[in-house]
Structures are given as structure tokens and as C-alpha cells.
Amino acid sequence: MWDKMSYILRAKLQPSLSNQCANSPPATTRTTFLNPFDATLLSAVKAGVFVSQAAGNGGPFPKTLLSYSPWIASVAAAVDDRTYKNHFTLGNGNILPGIGLSPATHANQTFTLIAANDVLLDSSVMKYSPSDCQRPEVLNKNLVEGNILLCGYSFNFVVGSASVRKVSETAKSLGAIGFVLAVENVSPGTKFDPVPVGIPGILITDVSKSMDLIDYYNKSTSRDWTGRVRSFKAIGSIGDGLRPILHKSAPQVALFSARGPNIKDFSFEDADLLKPDILAPGSLIWAAWSPNGTDEANYVGEGFAMISGTSMAAPHISGIAALLKQKHPHWSPAAIKSALMTTSTTLDRVERPLQAQQYTGSETMTLVPATPFDYGSGHVNPRAALDPGLIFDAGYEDYLGFLCTIPGIDAHEIMNYTNSPCNYTMVHPSNLNSPSITISHLVGTQTVTRTVTNVAEEETYVITARMAPAVAIETSPPAMTLRPGASRKFSVTLTPRSITGAYSFGEVLMKGSRGHKVRIPVVAMGYDR
């Protein structure tokens with residue numbers, strides 16, 4: 001589970017099937033920040049280790065985060081501008097979109113479509129779920145050879161006992177020209193990645209398109225009164241899926257990426273802390289793979305793999321953090337995290353606000369305007385992070401102060417997990433010197449403070465702020481000049497203008513006279529009492 005590199009520690013969390021759609025706070029402690037895993041990572045940060053952690057793959061639903069604490073860089077996953085798509089052309093001219101990292105069938109030629117269930121050697125093998133094409137020995141090679149094998153995407157693929165790779169091996173051993181996998185039902189949050197295969201193959205992920213395929217196959221296939229096939233008349237061809245499609249709408253928040261608000265306890269009460277922290281590439285990521293790895297059936301024995309998940313996004317942040325540590329060896333983990341966050345971007349490559357993949361009412365994917373609950377501070381910008389201008393620093397004592405300030409927290413529990421007493425508090429958790437501001441229950445006017453430290457040459461910064469209309473925001477002072485290494489405090493005051501029952505989003509922007517731009521997100525929900 002652990003992957004160590006220099007001062008970098010990455011915690012890799014993959015949720016189980018049971019918590020894909022809803023977060024499950026750790027059962028051993030009432031406070032999410034003090035679950036054993038987060039407490040262990042606090043010790044790592046105390047030792048000077050930067051920690052990045054996958055936010056979780058339970059998106060696109062709210063409160064699905066699996067990374068809670070301020071000492072951790074919680075990483076959401078972005079889709080970049082490279083996708084792999086393919087298509088299957090039916091004999092009736094209908095073209096079905098799908099995914100398949102494979103070569104095409106022979107140009108200008110169609111092939112007969114043969115469903116696995118129609119070429120069983122013995123009906124008794126139905127107990128083996130033959131439609132998912134994992135066992136070539138139960139299928140009639142004489143009927144499959146030279147044709148396209150039609151298979152069904154069963155629940156076995158979801159739990160990992162079946163794989164696209166095995167379908168490819170089955171089709172190849174039977175002499176098939178290629179294969180088609182039809183997804184007939186899908187659960188919310190399911191993600192499909194293209195799997196590299198050596199023969200033509202495609203996965204039809206759209207359930208309605210799979211139904212079109214099956215309907216065409218059934219109408220084209222002649223059967224006797226017992227249901228046995230008399231003749232196979234359905235035909236088709238598989239397109240070229242090896243060529244990536246590039247577009248300029250990236251980055252986008254991936255559908256599966258876990259969303260905020262962050263929670264602080266078993267009751268799913270909102271925390272005064274923004275999560276995730278940052279967005280990084282996490283969809284269709286090519287990376288080295290252990291040939292001995294067994295947790296992904298499609299890549300057993302392979303040296304490289306292409307995987308999607310927030311666990312693919314977290315290593316990007318670890319690697320960039322290592323570069324920052326190399327350039328600034330004396331920076332604390334909090335300083336590195338600050339540099340990453342304050343220099344991130346909330347715009348895509350054509351300068352439009354970031355969008356997030358989301359479900360519509362019909363469970364089809366669409367794009368909606370993204371918020372800090374989707375991307376945290378924004379998408380990472382490695383070049384800018386190397387020279388952030390200002391940093392928001394914090395240390396072990398600050399994190400203890402944050403814990404001791406949480407309303408209703410048990411000081412004995414803090415002592416149990418940290419072996420440290422609650423010697424001081426911050427009045428309010430929002431006063432932790434983090435590069436974001438979150439007030440989940442804003443009643444009346446509330447002022448929070450932040451301290452910035454100049455890590456560049458002397459520079460004068462003008463401070464401005466903007467917020468959605470429901471919450472008023474003011475900053476003080478309006479400007480400040482900092483010498484190299486100097487620290488200064490500023491305050492941010494928030495007041496609810498109207499009670500909407502929803503969060504308001506904004507930002508504080510500090511523009512330096514030497515060109516540095518330091519931005520932190522602001523999140524608040526107003527209440528009347």
C-alpha cells in the first residue's frame with residue numbers, strides 16, 4: 001500500500017464496492033480526523049513527510065470523500081485531453097460507440113456475429129456463465145472460428161473474476177476474428193477503461209446501444225422451435241481503437257472522483273475544512289505495472305497498464321511535490337501543499353471554467369460547472385508551484401490546535417491518538433492556516449485570519465476577494481509589502497446576506513507587483529442562527 005520516494009509518502013486508497021456511492025467514516029473513532037489511518041499520517045507529517053492521498057472513487061455523489069484531514073493533500077481525479085474511442089458497425093448500418101484499445105477488423109469487410117450462448121458445447125455449462133467468454137473450452141470452435149464473438153458483460157467483470165483480457169484470449173484461442181462485449185446493465189459510479197488487446201475487440205458501455213446490438217442480433221438470427229440457431233445472419237465490423245482522440249476541453253473532473261463537502265464525524269456533519277485539496281490527472285493513465293500484480297485481472301503479467309482512479313491522481317501530486325522538495329529542501333509539508341494549491345487553475349485549456357462530469361436524471365453522463373467540492377483549489381500547475389510567491393505554512397502544533405478546536409471533540413481521544421495534550425485552540429477550526437477557507441455554518445459575521453510567508457523577493461501584494469451574492473466578503477488589509485522570508489497576517493470577514501440553504505463559493509486573490517498570483521478558495525453556507 002505504501003509507495004515511498006525521498007520525502008514523499010503517498011497513501012493509496014481504493015474504496016470497496018460497498019462504498020462506491022456513499023462514504024463510510026472509520027468505525028473506530030467518532031471523529032474522521034482521528035481515524036487510525038489519518039492519525040498515522042499525522043505522525044508522518046510530523047516527521048517532515050509530505051502526504052498525498054487519493055480522495056476516493058465514490059463520485060459523482062456528494063460526501064463521498066475518503067480523505068479528511070488538513071495535514072493530507074487529498075487529490076481528486078481529472079480527465080485529460082486524450083481519450084480512446086472505438087465503434088462497432090452493424091450490418092443494418094447502425095454505428096454503435098464503445099471503447100476498445102485494439103486494431104480494426106479487415107477494412108471494407110464484415111464478419112458474422114456469433115453469441116457465446118448460441119455455441120455452447122453442452123447446455124450443462126450454463127452454470128459457468130458462458131456468456132462472459134472466460135472459458136473457451138465450453139464453446140464450439142467450429143462455429144466461432146473466423147467470426148466475431150458476442151459476449152455479455154456480467155457482474156463477474158465488476159467483482160474481478162472475469163476480465164476483458166480473458167475474453168480476448170478466449171476469442172483468439174477459438175479462432176475468432178474479434179469480439180464484442182455488451183453491457184446490459186450498469187450501476188452508478190461504474191467506470192470503464194479501455195484494455196489493450198491484440199485482436200479486434202470493443203466494449204459497448206452504453207446500455208441502450210447494447211440493447212440495439214442484441215435486438216439486431218436476435219432479429220437477424222433464425223431459430224427453430226426449441227430456440228436452437230438455424231443460421232447466423234447478423235454481421236458487423238470493429239473500428240480502429242488504437243488512435244487517441246485529442247480535444248481541448250480538458251481538464252474535467254472525472255465522473256468517479258469523490259466529491260465534498262468534507263465530513264467530520266459519524267453523523268456526516270460538514271467539516272470546516274475544504275476537501276478535496278487539489279485536482280490532478282487520474283483518467284486513463286499509462287504507468288509502470290508489476291507483472292506479479294493480481295488486483296487487476298486485465299494486466300496480470302504486464303509491465304505497463306492504463307488505469308483510472310484517484311489513486312492514479314495522487315502519484316502525480318507526490319511526484320510534483322518531490323520536485324518542489326528538491327528545489328526547496330527546507331520547505332515543510334504544509335508549505336509544499338500550499339504552493340501546489342495556491343498556484344492551481346480553475347480554468348481549462350481554452351480558458352473556460354472547469355467542468356465536472358455528472359449524472360443526469362436518466363443516469364447518462366453530462367457536464368456541469370465544477371465547484372471547489374469537485375476540484376478543491378483547482379487543477380495542479382507544476383511550473384507555477386515551483387515559484388508560488390507566498391506560502392501558507394503550518395506544523396504539527398497547528399494541526400493539534402485544529403483538532404482541539406473542533407466542537408464536541410474528546411480531548412482524551414486526541415491524547416490517545418497523538419500522545420499530546422490540548423494546550424491551545426484556534427477559537428474556530430476555520431482559523432487553521434490552510435490555503436483555503438471553509439465555514440460550514442456561518443451565523444452572523446465571522447472573521448478568519450491567515451498568515452502568509454514570502455518565499456521570493458520583496459513584493460507588494462494587493463488583496464481582493466469575490467463571493468457568490470448570498471455571502472458578503474471583505475479582506476483586510478487591502479495591500480501589504482513583504483520582504484524575503486517575512487510573514488504577515490490578513491483577515492477575511494464573511495457575512496450572510498441571504499439564507500439559501502446552499503453553499504456559496506468564492507476566492508481571495510493576492511496579486512504581487514512582481515507577477516505572482518496567490519489564490520485560495522472560500523466556501524461558506526449562511527444560517528440565520
Check your understanding: Roughly what angle does helix 207-220 make with the longest principal axis of the chain, taking Cα atoms, 0 to 90 degrees, to the nearest 10?
Key -> 0 degrees
Practice item. Treat the stretch 125-234 as a sphere of radius equal to its Kirkwood radius over Cα pairs and apply Stokes-Einstein at 4 °C in a medium of 1.567 mPa s; give the translational diffusion coefficient in µm²/s, rounded to a whole number. Key: 89 µm²/s
Revision key, fill the gap. Taking only Cα atoms of the stretch 301-459, the Rg to Rh ratio with Kirkwood Rh works out at 1.02
Revision key, fill the gap. Expressed per residue, the solvent accessible area of the chain in Å² (1.4 Å probe) is about 43 Å²
Exercise for review: Could you grab the relative contact order for the chain? Cα pairs under 8 Å, six or more apart, rounded to a whole percent.
Suggested key: 15 percent
Check your understanding: Helix-derived [θ] at 222 nm for the chain: sum -39500 (n - 2.57) over DSSP H runs of at least 4, divide by residue count, nearest 500?
Key -> -5000 deg cm²/dmol
Point to revise | Lys/Arg +1, Asp/Glu -1 at C-beta; the stretch 258-306 dipole; positive extreme among Asn298, Ile278, Phe266 | key: Asn298
Practice item. Quote the relative contact order of the stretch 73-136 in percent (integer), defining contacts as alpha-carbon pairs under 8 Å separated by 6+ residues. Key: 19 percent
Review point. Given q = 0.13, 0.20 Å⁻¹, what are the Debye log10 I(q)/I(0) values for the stretch 435-529, with equal point scatterers placed on the Cα positions and solvent ignored?
Key: -0.45, -0.88
Exercise for review: Keeping all protein chains in position, work out how much accessible area Met341 exposes to a 1.4 Å probe, and write it in Å² to the nearest 10.
Suggested key: 0 Å²
Point to revise | Cα-centred dipole magnitude for the stretch 199-353, charges only on beta-carbon of K, R (+1) and D, E (-1), debye, nearest 20 | key: 480 debye
Check your understanding: Can you pull out the GluC sites (Glu not before Pro) in the stretch 141-196 that DSSP calls coil and that have at most 13 other Cβ atoms within 10 Å?
Key -> Glu145
Review point. Where the convex hull is taken over the Cα atoms of the stretch 43-177, what is its projected area averaged over directions, in nm²?
Key: 13.3 nm²
Review point. Helix 164-173: angle to the longest alpha-carbon principal axis of the chain, degrees 0 to 90, nearest 10?
Key: 20 degrees
Exercise for review: Kindly identify the chain as rounded, prolate or oblate by the Cα gyration tensor criterion: order the square roots of the eigenvalues as a ≥ b ≥ c, call it rounded if a/c is under 1.5, otherwise compare a/b with b/c, prolate if a/b is larger, else oblate.
Suggested key: prolate
Check your understanding: Dipole size in debye (nearest 20) for the stretch 97-185 around its Cα centre, Lys and Arg Cβ +1, Asp and Glu Cβ -1?
Key -> 180 debye
Review point. Relative to the longest principal Cα axis of the chain, at what angle does helix 310-327 sit, 0 to 90 degrees, rounded to 10?
Key: 40 degrees
Review point. Of all accessible surface on the chain at a 1.4 Å probe, what whole percent is carbon and sulfur?
Key: 52 percent
Practice item. Let me know the charge dipole size of the chain about its Cα centre in debye, to the nearest 20, where only the beta-carbon of Lys, Arg (+1) and Asp, Glu (-1) is charged. Key: 660 debye
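The values are calculated or read from the model by the stated rules, or taken from the named source; none is laboratory data. Since the model is a prediction, treat every value here as computed from it, not as a measurement. Neighbour counts are summed over all protein chains in view; Cβ atoms, including those assigned to glycine, are modelled from backbone coordinates with ideal geometry. To get the accessible areas, we keep the full protein, side chains included, count just its heavy atoms, and leave off ligands, DNA and RNA. Shrake-Rupley method; radii C 1.70, N 1.55, O 1.52, S 1.80 Å.
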